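**Student:** Before we start, here is the structure in question, set down as structure tokens.
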Amino acid sequence: MVSNRLPVQLPARLPLLISSLVATVSAPALAQDLQEVEVIGRRVNLVGSASTASEGLVSQNELALRPLLRTGEILESVPGLVATQHSGSGKANQFFLRGFNLDHGTDFATSIDGMPVNMRSHGHGQGYTDLNFLIPELVQEIEYRKGSYYADVGDFSGAGSAKITSMQRMNRQQVSLAAGEYGFGRLLASGGIAAMDGEFIYGLEHQIYSGPWDSVDEDVGKTNLWLKQQWLRENSALSVSFMGYDNTWNSADQIPARAVNQGLITEFGSIDPTVGGNSSRYSLSLNWEKRAESSRWTASAYAIDYDMELWSNFSYAIEPGGDQFRQVDQRRIYGGEFEWQKQGTLGSLDMLNAFGGQLRIDDIGQVGLNQSNARAYTGPIRLDSVDQWSSGLYWSNTLHWTENFRSVFGARYDYYDFSVQALNAGDPTTLSANTGETTDDIVTSNLSLIYTFNANSEVYASIGEGFHSNDARGTTIRRDPVSGDLVQAVDPLVSTLGSELGVRFFVSDQLNASIALWQLDIDSELIFVGDAGNTEDTGVGSERQGVEVTSYYQMNDMLSFDVEYSYTDAQYERPVDGLTDIGGALEHVFSGGIHYRPTTQIDAHLRVRHFGDFPLDGGVQAEGSTMLNLRLGYQATDNLHLNLDMLNILDSNDHDVEYFYESQLPFETMPVEDRHYHVFEPRSFRLYATYRF
């Protein structure tokens, strides 16, 4: 029998803010549920609480098994998601999921402790998701939910979302030192101590890296500081957190295949070795929770100060003065959210209602693009200030029609206000034309039907709407900032419609598996192109459909496996430039891991990630790639733990990412269409020594 009472309904969705209440909650059953969510992540049984087959939990214990080249790769714990890099270590990863080239985050909403990570109207790309400010060891859990079936997720919700929760309890202090090839070094000090009648959790990280590139020393200098003070009581929790991040780097960008084929550079060379950037992010947040017997209140508020300066050069010498450009983004973000959950009845039927709202204000002092050469300013392209705010309200209702059948219905309303002040655009006519204001709103809804066969299996049918906002500059643009030609403004909000059929199995703590068949339609793939300062309009909608299979199997105490596979077919509704295939849409994605722990002192974790051939623009096909990584662990003493990461152990020269577009080398007389790619970093070793006390 599957219980319909509140303790069963809430744990799978609880922000892990309350997971550390397990030591003080008096009800043993609730404490056990919360402890399982905190500790075993994907091994927790979501039957009876999940609303789709494509949602899940990843715990810190599981993240700790993954050898990471870059911080952003922790999102590869989301089944089917690929995190690549075409530039330096300080730049946001490029993400792929469900047939979307998400660029740096569009259509995938990411948050941490209630704070949004996606940057609206960003200098480099809409929805820019830079995860370099994360400290992986201080991430307690990732709750991922793919698809647009969740009323509490608003902007960037087309392909899915990930809610990241920072660590809630650290009973020991630790210092970790790491060193590796190509100038890699890292220091981390973290822990938790009793303070001010609560608990104080801290983390300080500094990382350096030179990289394997021929003519570029990445010269990474990344520093992260996390501070959290929290007060946990039997039925309430309060925390105040500060996060600080600062980074500088040089970049080895993607390179043209013809330059390598002609022997001008190696695969680790660069055409423009002067590109790179710097970025910082400082935030202060407050999280509060109050629980009663049949209800729960949560609320959060945050303030973020963000700065980025990025130099890039993708086409080299098409323009007489060179094609390098500088992108800048300086902003402050303010906002918060609340939710009230209430358990009740509708007649004789058990019911859970959730009401919530979100507010976000982006005060962007300047966001823009200008020409540069060797990082020196050479001319303006576009510079703006933007004031953008949004508010959203949602309602979600879970109704148990029978002991085995329940429904989840949600509705959401969002209102957006965009105000753009052009600061320079060369021609005064263009300056005036691209200044303006606009507003938009959208109503979305979702419905999931769930039938539970028993405590170990259930099936799902879901349909829902999501949306993403477009860059504010694209909503008010009237003239191209370079040519001065009249252009069409984009729709401020672009809706998506998704549907899904799925099944989930959970067998005796050994097997946790799910299968999902999904489809997603988007009205129009209209985007503002931050790299060019103008808008790009395909003029047509698109359709994506696919299947995802995930399986986690614990064979015995020593050996376990995880296997994740996704297939996607992504097509325009009608041909664009004679083609219906959507460029950059990965068709086949496979990832898997083998975890072996023969003794309490030794463990080994082998991971593979593969994506198959996929279409590029212009009808060109990109070759797939396969990456194999290994982490070996050894508990040397009660206090000292050693990890050896072997990254790209096959020393593959597959491509991390690939594009097809025009570029012009300095000696060429005209642009040439060519493949441009970023090769895997070569095999490397990194040794971590962690001392706990």
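Just so you know, all these numbers are worked out from the coordinates, no wet-lab data involved. Quick caveat: nothing in here was measured; it's all calculated off a predicted structure. Here the Cβ positions follow ideal geometry from the backbone for every residue, glycine too, while neighbour counts run over all protein chains shown.
**Student:** List, in order, the whole-Hz ³J(HN,Hα) value for each residue of segment 636-645 obtained from phi through the Karplus relation with A = 6.51, B = -1.76, C = 1.60 and θ = phi - 60°; use x for Gly and Pro.
**Tutor:** Once θ is set to phi - 60°, the couplings for segment 636-645 become 5, 9, 4, 9, 10, 10, 10, 10, 10, 9 Hz.
**Student:** Still on this structure, please answer the following. For GLU587, which sequence-distant residues (separation of 5 or more, or a different chain) have an amide H within less than 5 Å of its own amide H, given hydrogens modelled in the peptide plane?
**Tutor:** GLY612
**Student:** Sticking with this one: Hey, what's the per residue convex hull volume over the C-alpha atoms of the chain, in cubic angstrom?
**Tutor:** It is 138 Å³ per residue.
**Student:** Quick check: net charge around LYS290, other residues with Cβ under 14 Å of its Cβ, Lys/Arg +1 and Asp/Glu -1?
**Tutor:** Net local charge, LYS290 excluded: 0.
**Student:** In which sequence would SER432, SER239, SER121 go, from the one with the fewest C-beta neighbours within 10 Å to the one with the most?
**Tutor:** Result, fewest neighbours first: SER432, SER239, SER121.
**Student:** What is the spin-label model distance, in nm, from TRP231 to SER294 if the labels are put 7 Å beyond Cα along the C-beta direction?
**Tutor:** Each label point lies 7 Å from its Cα, and together they span 2.9 nm.
**Student:** If you don't mind, another one. About the Cα centre, and with charges only on the beta carbon of Lys, Arg (+1) and Asp, Glu (-1), how big is the dipole of segment 548-686? Nearest 20 debye, please.
**Tutor:** That gives segment 548-686 a dipole magnitude of about 760 debye.
**Student:** Quote to one decimal, in nm, the extra length available between LEU517 and LEU640 on full extension: 0.36 nm per residue of separation minus the C-alpha distance between them.
**Tutor:** Value of the extension gain: 39.7 nm.
**Student:** Calculate the dipole size of segment 430-486 relative to its Cα centre from +1 charges on Lys and Arg beta carbons and -1 charges on Asp and Glu beta carbons; express the result in debye to the nearest 20.
**Tutor:** The calculated dipole for segment 430-486 is roughly 100 debye.
**Student:** Let me ask something else about it. Report, in degrees rounded to the nearest 10, the 0 to 90 angle that the Cα long axis of helix 28-40 makes with the longest principal axis of the chain.
**Tutor:** Rounded to the nearest ten degrees, it is 30.
**Student:** How many nm is it between the label spots at ALA411 and ILE649, if each spot is 7 Å from the Cα in line with the beta carbon?
**Tutor:** 5.5
**Student:** To check my understanding: the extent here is largest minus smallest coordinate of the Cα atoms along each principal axis. What are those three numbers for segment 226-299, in Å, largest first?
**Tutor:** 71, 25, 14
**Student:** Using only helices, what value at 222 nm comes out for the chain when you add -39,500 (n - 2.57) per DSSP H run of length 4 or more and divide by the total residues, to the nearest 500 deg cm²/dmol?
**Tutor:** -1000 deg cm²/dmol
**Student:** Going by how many other Cβ atoms sit within 10 Å of their own, how do THR669, THR402, THR690, THR444 line up, fewest first?
**Tutor:** THR669, THR402, THR690, THR444
**Student:** Could you name the lysines in cross-link range of LYS342, using Cα to Cα under 16 Å and dropping any fewer than eight places away on the same chain?
**Tutor:** Of all the lysines, those that pass the test against LYS342 - Cα under 16 Å, at least 8 places apart if same chain - are LYS290.
**Student:** Using the count of nearby Cβ atoms within 10 Å as a rough guide to exposure, how do VAL589, VAL386 rank from fewest to most?
**Tutor:** The order, fewest Cβ neighbours first, is VAL386, VAL589.
**Student:** Counting only residues 5 or more places away or on other chains, whose amide H sits under 5 Å from the amide H of GLN366 once H atoms are built in the peptide plane?
**Tutor:** GLN330
**Student:** Still on this structure, I have one more. Once amide H atoms are placed 1.01 Å from N in the peptide plane, what residues at a sequence separation of 5 or more from GLY160, or on another chain, have their amide H within under 5 Å of its amide H?
**Tutor:** Answer set, sorted by chain and number: ALA109, GLY147.
**Student:** From the phi of every residue in segment 350-359, what ³J(HN,Hα) in whole Hz does the Karplus formula 6.51 cos²θ - 1.76 cosθ + 1.60 yield, where θ is phi - 60° and glycine or proline is x?
**Tutor:** 5, 8, 10, 10, 10, 10, x, x, 9, 9
**Student:** Among all stretches of the chain without exposed GluC sites (Glu not before Pro) (DSSP loop, at most 11 other Cβ atoms within 10 Å), which one is longest?
**Tutor:** 294-693
**Student:** When the Karplus curve 6.51 cos²θ - 1.76 cosθ + 1.60 is applied with θ = phi - 60°, which whole-Hz ³J(HN,Hα) does each residue of segment 71-78 get, with x for Gly and Pro?
**Tutor:** Each residue's phi maps through the Karplus curve to give 4, x, 5, 5, 6, 5, 6, 7 Hz.
**Student:** Can you give me the distance in nm between label points at ARG597 and PHE200, each placed 7 Å from the Cα along the Cα-to-Cβ direction?
**Tutor:** Taking the two extended label points, one gets 3.2 nm.
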